[in-house]
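First comes the structure, then the notes that go with it.
The values are calculated or read from the model by the stated rules, or taken from the named source; none is laboratory data. These figures come from a predicted structure and were not determined experimentally. Quick reminder, even Gly has a Cβ in these numbers, built from the backbone with ideal geometry, and neighbours come from all protein chains shown.
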């Protein structure tokens with residue numbers, strides 16, 4: 001089993017503690033979303049896992065070993081931390097060929113990952129002519145080059161067009177289904193919700209949550225019911241008799257908080273309230289995330305006065 005294991009990981013820069021006694025594991029066979037406000041320590045943690053920084057104390061290992069001890073590391077771990085890292089004067093193909101040669105990866109893999117990333121038509125163009133989305137695709141191609149068991153991606157959807165976003169979702173799901181260990185850092189909650197199975201959430205360098213995504217949402221967002229009727233007075237009275245408060249919206253539907261569809265359906269039916277729409281309104285990852293991290297953001301805009 002190849003997992004990422006972080007144990008009591010701490011990183012200090014002078015008097016500032018960027019990572020504070022972190023302990024968590026990223027397991028194979030699932031996509032783990034790595035979330036947190038700006039300055040939470042996500043990028044620092046990923047750099048520590050990849051041996052680009054030394055921890056003040058604690059450990060970060062891949063398959064039980066520090067990254068720096070891996071021979072031909074691209075065969076074991078693929079990573080995208082900075083899409084601007086490729087030398088602008090090289091072609092996309094030459095950039096990948098250099099990485100392949102340094103890790104004894106067969107050169108045929110270069111063309112395979114260029115094709116998979118949708119960059120084959122631009123393979124002989126210089127990287128400095130690439131758009132941000134193309135550079136992201138090149139970075140992802142580099143991460144896949146060694147067919148690694150572990151993949152770490154920092155904001156992989158950044159700069160991608162809609163087709164690219166659909167592609168990266170499918171890629172992440174496929175990698176997990178193949179039994180690989182996948183860690184993806186992102187600020188895009190809706191996007192993370194589309195591919196993540198598990199979440200690790202940081203705030204000010206500390207671990208706030210390490211849990212399946214569905215459990216994370218259900219623990220923080222109360223169930224709600226969406227309902228529409230032609231008789232709003234009857235609906236309001238029926239809900240009030242059973243202790244439910246409802247909010248009416250401009251388009252005519254009502255939202256009943258802390259309620260289940262079955263309960264609202266039964267009481268409306270018993271009261272003879274005509275129903276045009278009745279549905280569970282699922283909580284979102286964004287709602288749950290904002291509830292958890294409301295006091296953890298290092299940088300936050302102040303509310304505007306009306």
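Of the helices (runs of 4 or more DSSP H) that lie entirely inside region 199-295, those containing 1 or more residues that are under 30 Å from residue 42 (Cβ atoms) span 213-220, 285-293. Scanning region 210-230 for residues that are surrounded by fewer than 22 Cβ atoms within 10 Å (Cβ to Cβ) and touching a helix residue (DSSP H, G or I) at 6+ places or on another chain (Cβ under 6 Å) yields 217, 220, 221, 229.
Those residues that are buried (at least 16 other Cβ atoms within 10 Å of the Cβ) and farther than 22 Å from residue 45 by Cβ, I need them from region 131-143; list them, please. Matches in region 131-143: 133, 134, 135, 137, 138, 141. What about residue 140, is it over 15 Å from residue 96 (Cα atoms) and touching a helix residue (DSSP H, G or I) at 6+ places or on another chain (Cβ under 9 Å)? No.
Residues that are at pLDDT below 80 and loosely packed, with under 15 Cβ neighbours inside 10 Å within region 284-304 comprise 294, 295, 298, 299, 300, 301, 302, 303, 304, listed in sequence order. Only one of the listed residues (172, 132, 183) is in the same structural domain as residue 46 (by TED's automatic domain parsing) and touching a helix residue (DSSP H, G or I) at 6+ places or on another chain (Cβ under 7 Å). That residue is 172. Scanning region 221-239 for residues that are touching a residue at least 12 places away in the same chain (Cβ under 8 Å) and in contact with a strand residue (DSSP E or B) (Cβ under 9 Å, 6 or more places away or on another chain) yields 222, 223, 224, 225, 226, 227, 228, 229, 230, 232, 235, 239. Please specify each residue of region 74-99 satisfying the condition of being in contact (Cβ under 8 Å) with a residue 40 or more places away in the chain, surrounded by 16 or more Cβ atoms within 10 Å (Cβ to Cβ) and either under 13 Å from residue 148 (Cβ atoms) or in contact with a strand residue (DSSP E or B) (Cβ under 7 Å, 6 or more places away or on another chain) (or both). 74, 75, 76, 77, 78, 79, 80, 81, 99 - these are the residues of region 74-99 that are in contact (Cβ under 8 Å) with a residue 40 or more places away in the chain, surrounded by 16 or more Cβ atoms within 10 Å (Cβ to Cβ) and either under 13 Å from residue 148 (Cβ atoms) or in contact with a strand residue (DSSP E or B) (Cβ under 7 Å, 6 or more places away or on another chain) (or both). Residue count for region 252-283 under the criterion of being at pLDDT 90 or above and either under 25 Å from residue 204 (Cβ atoms) or out of contact with any helix residue (DSSP H, G or I) (no Cβ under 9 Å at 6 or more places or on another chain) (or both): the result is 10.
Pairs meeting the criteria (first residue in region 30-49 and farther than 16 Å from residue 157 by Cα, second residue assigned to a helix (DSSP H, G or I) and at pLDDT 95 or above, beta carbons under 6 Å, at least 6 apart or on different chains) are 30/176; 36/42. Among the residues of region 203-238, which ones are more than 21 Å from residue 283 (Cα to Cα) and outside the structural domain of residue 165 (by TED's automatic domain parsing)? Those that are more than 21 Å from residue 283 (Cα to Cα) and outside the structural domain of residue 165 (by TED's automatic domain parsing): 229, 230, 231, 232, 233, 234, 235, 236, 237, 238.
Kindly indicate whether residue 200 is buried (at least 19 other Cβ atoms within 10 Å of the Cβ), modelled with pLDDT of 90 or more and outside the structural domain of residue 83 (by TED's automatic domain parsing). Criteria not met by residue 200. Taking residues in region 176-189 that are farther than 22 Å from residue 162 by Cα, and partners anywhere that are at pLDDT below 95, the pairs with Cβ atoms closer than 7 Å and at least 6 places apart or on different chains are 181/2.
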